[in-house]
Amino acid sequence: MSNIQNQKVSMAEKVGYGLGDCSANLVFQMMMIYQTKFYTDVFGLEGAIAGTVMLVARIVDAFVDPTVGILSDRTQTRWGKYRPWVLWTALPFMVFYVLAFYNPGIEEKGLVALYATISYTLLMTMYSFNNTPYSSLGGVMSSDIKERTSITSVRFVFSTIAQFVVQGLTLPLVSKFSDGGDKAHGWLCTISLFAAVGFIFLLIVFFSARERITPPASQKNDTRQDIKDVLSSVPWRSMFILTLFVFITLAMWGSAMNYYFENYVDKAALFAFLDNIGLVAAEPGHSVGYHVLNAFGLIVTSPDKAYEVGFGVFNMVGALVQFFGVIFLSEFLANKYGKKRTFIVCLSLTAVFTAMFYLPAKDNVGMMFVLNFLKSLAYAPTVPLLWAMIADVADHSEYIHYRRATGFIFSGVVFALKAGLGIGGAVLGFLLSGFGYISGSGVAQSDTAVQGIILSSSLIPAAFFLVGVVALFFYPISKEYNEKMQAELSERRSKNDY
C-alpha cells in the first residue's frame, strides 16, 4: 500500500481528471434528456418499444459491469490499474456514441428497433468499460478526505459544464444543422461535434491523472471473496439503491420535461418570455451578441420555434445554478455537516420542488423557471457527493475486510446508474404509451396524454427521489465514523508488512 499519507493533488491534475466527466456527460446527458424523445420522434418508435430497447441493454449490463470491475482491479501496467482503460476505450466509446444517434437509412420499424437496441447496447457497454475505471481512478488519487471531496467537486464542475452544453444547446444546434428540415442530419452533426470534443478530453485524463492508492501488498486475487465482501456491505447496498433511484428519477424527469415543453407549455407565453430576455429577433441583427447567439441557434423568430430555444434556456438556467451550487455549497456543506446529512436534506428538498411542477398553468412560464432554479439549487450539493461517498465505501471495505476492490465496488454503482438511466427512460416510455402519446414530431396530443406528461414531470419522479432519501438513512458512514476510519487506515498503510 502506498505510504504517502494525506496526499495533495494539484489543481492541474484535478482539472485534467475532471475533463473526463465532462466527456462522459456529453454522452450521459444526451441519453438522459433526449434518448427517449429521439426514439419516439426521430426514429418513430412507440413509447413502449423505446422503453423496451433501454431495458434490453440493462440485461447485458448485469454481466458487463461486474466484469469490467474485476478486469480493471486485476490490471497491472506501468500506468496503473485504471488509467489505461480510459485511453484504450476513448475512441470506440465516441464512435458508438455517434452510431446510437444515427439511422443508416432503415425505414422498417422492426429493423429500426433492432438497430436501436444493438447500437444502444454497444454504447452502454463501452460506457462501462470507460466510466467504471474512470470513476475508480478518482477513488485512488488521494486518501485525504478533503482532497477527495475537492477532486469530486472539480470533477462535477466540468460535469455541469457538459450538462449546460448538452441540455441547453442540443436542440438549437440540431435545428441549425438541419439542412432543409432534415432533423436526422442535424442530430448527426451535433453528436459528431460532441463526440470529437469528448475524445480529446479522455486523452487529457490519461496524461494528467495519477494513481496513489494501491491494494495491500499481501492481498491475493480472489473474485469470490470480492463479490462476497461487496454484496455484504451495508454502505454499498445503500449507495446502490440511492444511485438506482436517483438516476431513474433524473432520466424520467429530464426526458419528460422535453415532452412537457413541447406539448404542455403555451408557445405564445414561452415566446413572450424569450422576447423579454432578448432572444427574439424579427430581423437579422448586426451586434456581436446577436451573431454569437445565432451561431448556437438561440435566436427565435416566431412562436412555433419557441420550444427548442425555450427548453434549452430552461436547461441552461438549471445547469448554471447547479454549477455555482457545486462550487460554493457542496464542499462547504459536506465538510461542516458530513456527506450523509447534506445529501438527505438536499435530496428531500429536490423531491419537493420536483413535485411542484404539477402546479404551474401552461402559460405560467415564470413559475416553471423559478421552480427549476430552486430544484437545481437544492440538488447541486449532492452531485459530487455521490462519487465521494462511493470512494468512502471502497475504504470501508478495506477497513473491515483488509482487502481493496475499488473497481468492483464502483462497477456496481455504475451498473445502478445505467440501470436507473434505462429504467427511468423505460418507465417514461411505458407511461407515454399508457396515456396515449402518439409518436412523431409535431403531432397534436390528447388531453390524457398531456396529463400523463405533467404527472411524469412532477409527482411520479418526486416519489422515486424519496426512495433514494430512505436508502440514505441506512448508510452508516457518518462524518465522525469516516474520520476515525481514515485515521486507522492511514496508520495501517504506513506499515511495511500491510
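Here are some notes:
- Protein accessible area in the chain, 1.4 Å probe - carbon and sulfur %: 67 percent
- Here Ser128 sits with roughly 0 square angstrom of accessible surface, probe radius 1.4 Å.
- Mean shadow area of the chain over all directions, Cα convex hull, nm²: 21.9 nm²
- Three-way shape call for region 80-193 based on the alpha-carbon gyration tensor, with the a/c threshold at 1.5: oblate
- For region 149-217, accessible area per residue (1.4 Å probe, heavy atoms of protein chains only), Å²: 35 Å²
- The Cα-based radius of gyration and maximum Cα-Cα distance (Dmax) for region 335-400 are 16.1, 56 Å.
- Eligible lysines near Lys146 by straight Cα distance, threshold 16 Å, same-chain separation 8 or greater: Lys8, Lys14, Lys336, Lys339, Lys340, Lys479, Lys484
- Subtracting the Cα-Cα distance of Val288 and Phe373 from their residue separation scaled by 0.36 nm leaves 27.8 nm.
- Net charge of neighbours whose Cβ lies under 12 Å from the Cβ of Gly254, counting Lys and Arg as +1 and Asp and Glu as -1: +2
- Percent of C-alpha pairs per 10 Å bin in region 397-447, short distances first: 21, 27, 19, 15, 11, 7, 0.
- Angle in degrees between helix 47-73 and the longest Cα principal axis of the chain, rounded to the nearest 10: 20 degrees
- Taking the square roots of five times each eigenvalue of the Cα gyration tensor of region 140-258, the equivalent ellipsoid has semi-axes of 38, 20, 15 Å, listed largest first.
- Computed label-point distance, nm, for sites Asn364 and Leu231 using a 7 Å Cα→Cβ extension: 5.0 nm
- Each Cα pair under 8 Å and six or more residues apart adds its sequence gap; the mean of these over the residue count of region 36-132 is a relative contact order of 42 percent.
- Applying 1/(1 + (r/R0)^6) with r as the Cβ-Cβ distance of Ile59 and Phe473 and R0 = 35 angstrom yields a FRET efficiency of 0.70.
- For region 333-399 and region 277-301, distance of Cα centres in Å: 34 Å
- Solvent-accessible surface ranking, highest first, for Glu480, Glu262, Glu331 at 1.4 angstrom: Glu480, Glu331, Glu262
- What region 12-106 shows is 32 Å² of accessible area per residue, with the surface traced by a 1.4 Å probe over protein heavy atoms.
- For the chain, the longest principal axis of the alpha carbon atoms and the long axis of helix 306-325 meet at an angle near 30°.
- Residue-span extension gain [Val352 to Phe328] - 0.36 nm each, minus C-alpha spacing: 6.4 nm
- Max-minus-min Cα coordinates of region 339-446 on each principal axis give 60, 29, 18 Å, with the largest extent listed first.
- Distance between the modelled labels on Lys146 and Asp222, one decimal in nanometres: 3.7 nm (7 Å Cα→Cβ projection).
- If you take all other residues with their beta carbon under 11 Å from the beta carbon of Asp41, and give Lys and Arg +1 and Asp and Glu -1, the sum is +1.
- Taking all protein chains together, Lys228, Lys267 sort by accessible area into Lys228, Lys267, largest first [probe 1.4 Å].
- Whole-number percent relative contact order across the chain, with pairs defined as alpha carbons under 8 Å at least 6 apart: 29 percent
The values are calculated or read from the model by the stated rules, or taken from the named source; none is laboratory data. Predicted, not measured: the structure shown is a model, and the values here were computed from it. Positions of Cβ are generated from backbone atoms using ideal geometry, with glycine treated the same way; all protein chains shown enter the neighbour counts. Quick note on the areas: whole protein, heavy atoms, side chains included, nothing else; ligands and nucleic acids left out. Shrake-Rupley method; radii C 1.70, N 1.55, O 1.52, S 1.80 Å.
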